[in-house]
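The values are calculated or read from the model by the stated rules, or taken from the named source; none is laboratory data. None of the values given here were measured: they were computed from a predicted structure. With ideal geometry, Cβ positions are generated from the backbone for all residues, glycine too; neighbour counts draw on all protein chains shown. Surface accessibility is based on the protein's heavy atoms, side chains included, excluding ligands, DNA and RNA. Shrake-Rupley method; radii C 1.70, N 1.55, O 1.52, S 1.80 Å.
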Amino acid sequence: MIVCKSPSEIERMRAANALVADVLAELGAMVAPGVTTKDLDAAAERRVRERGAEPAFKGYRGYPATLCASVNEEVVHGIPSARRLVEGDIVSLDMGVKLNGFFGDSAITVAVGDVSDDVRRLLRVTEEALERGIGQAQAGGRISDIGHAIQQHVEGQGFSVVREFVGHGIGASLHEEPQIANYGEPGRGPRLAEGMVLAIEPMVNMGRPAVKVLADGWTAVTRDGSLSAHFEHTVAVTKSGPLVLTRAASRVR
């Protein structure tokens, strides 16, 4: 069942999602050679709890941390550790919170120091693909319109879209219906309606799309060892178009 939120519930969701945006902006500024992903996780949990919220991921199906920190060929669900970031790495930071009964969820991928032009293009194209998907979150459209727009942009730039992991609805639960694939034909699946709130999250590989999950049961990596990027926003479908709830204040438009 797809739960549509009232305008007042969407307003209540703003606080959780604004918090996620704020914390991710702080973490992005912390990313530098020598910083560990565990450092980033500790900072994330401290800031979330200081604001009276709860980490959404910690304890979810046994996940041990506040943050998913996925480095280089790690696609999603990387567990924070004592691993130190080095110049030329990229790190995807994915975080959710629960505040006032509602969830927020977002992800960014950050370059560690200087990276090659090809790597910067991977990050840019992935973020552009997210924006293309958001643009399709229009009442009256179909769920698959989102994934189709993402896939067309990514593959048109010579990269590939991960199939095994998808976006999702979000609200009073972290994961709600519908699932939102980042690929597919347009005009399929449930019709988008005012009040739907969606976590749209393309995961894009520099090489082939195939992934595998490591022995820790969480960390997904590219099978060919190529780099992967991940960006995510929580978006409400409104009568006036998509409303991005996790847009950092400096980027609201």
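Sorted largest first, the principal axis extents computed over the alpha-carbon atoms of the chain equal 46, 43, 35 Å. Computed from the alpha carbon atoms alone, the convex hull of the stretch 25-127 holds 97 Å³ per residue.
The accessible area of residue 58, taken with all protein chains in place and a 1.4 Å probe, comes to roughly 90 Å².
Taking the charge dipole of the stretch 1-41 about its Cα centre, with +1 at Lys and Arg Cβ atoms and -1 at Asp and Glu Cβ atoms, the residue from 8, 36, 21 reaching farthest to the positive side is 8. Magnitude of the charge dipole for the stretch 180-235, about its Cα centre and with charges confined to Cβ atoms of Lys, Arg (+1) and Asp, Glu (-1), is about 200 debye. Each part reduced to its alpha carbon centroid, the stretch 1-68 and the stretch 183-253 end up 16 Å apart.
Here the chain is treated with +1 on each Lys and Arg Cβ and -1 on each Asp and Glu Cβ, and its dipole about the Cα centre works out to around 460 debye. The shape of the stretch 111-207 comes out prolate: with a ≥ b ≥ c from the C-alpha gyration tensor, a/c is at least 1.5 and a/b beats b/c. Restricting attention to the chain, the count of lysine pairs at 8 or more positions apart or across chains with alpha carbons under 26 Å apart stands at 9. For residue 66, the accessible surface of its heavy atoms amounts to roughly 0 Å² (probe 1.4 Å, protein chains only, rounded to the nearest 10). Taking the three principal axes of the alpha carbon atoms in the stretch 148-253, the coordinate ranges are 43, 34, 33 Å, sorted in descending order. With R₀ set to 22 Å, the beta-carbon distance separating residue 216 from residue 36 gives a calculated FRET efficiency near 0.85.
In plain terms, the bigger the Kirkwood radius, the slower the diffusion; for the stretch 192-239, with that radius from Cα pairs, at 25 °C and 0.890 mPa s, Stokes-Einstein puts D at 191 µm²/s. Taking 231, 103, 165 in turn, the Gaussian network model of the chain (Cα-Cα springs below 10 Å) assigns the largest fluctuation to 165. Note on residue 118 and residue 175: with the Förster distance fixed at 30 Å, the Cβ-Cβ geometry gives a FRET efficiency of about 0.35.
Let me know the shape class of the stretch 83-129, please: from the alpha-carbon gyration tensor, a ≥ b ≥ c as square roots of the eigenvalues, rounded when a/c is under 1.5, otherwise prolate if a/b is greater than b/c, or oblate. Oblate shape, in that a/c is at least 1.5 and b/c is the bigger or equal ratio. Evaluated with a Cβ-only charge set (Lys, Arg +1; Asp, Glu -1), the stretch 91-170 carries a dipole of roughly 220 debye about its Cα centre, given to the nearest 20.
When the Cα positions of 110, 136, 75 are compared along the charge dipole of the stretch 69-142, 136 comes out farthest toward the positive end, with charges on each C-beta of Lys, Arg, Asp and Glu. Residues 92, 6 ordered from highest to lowest accessible area at a 1.4 Å probe: 6, 92.
The solvent-accessible area of residue 105, taken with every protein chain present and a 1.4 Å probe, is close to 0 Å².
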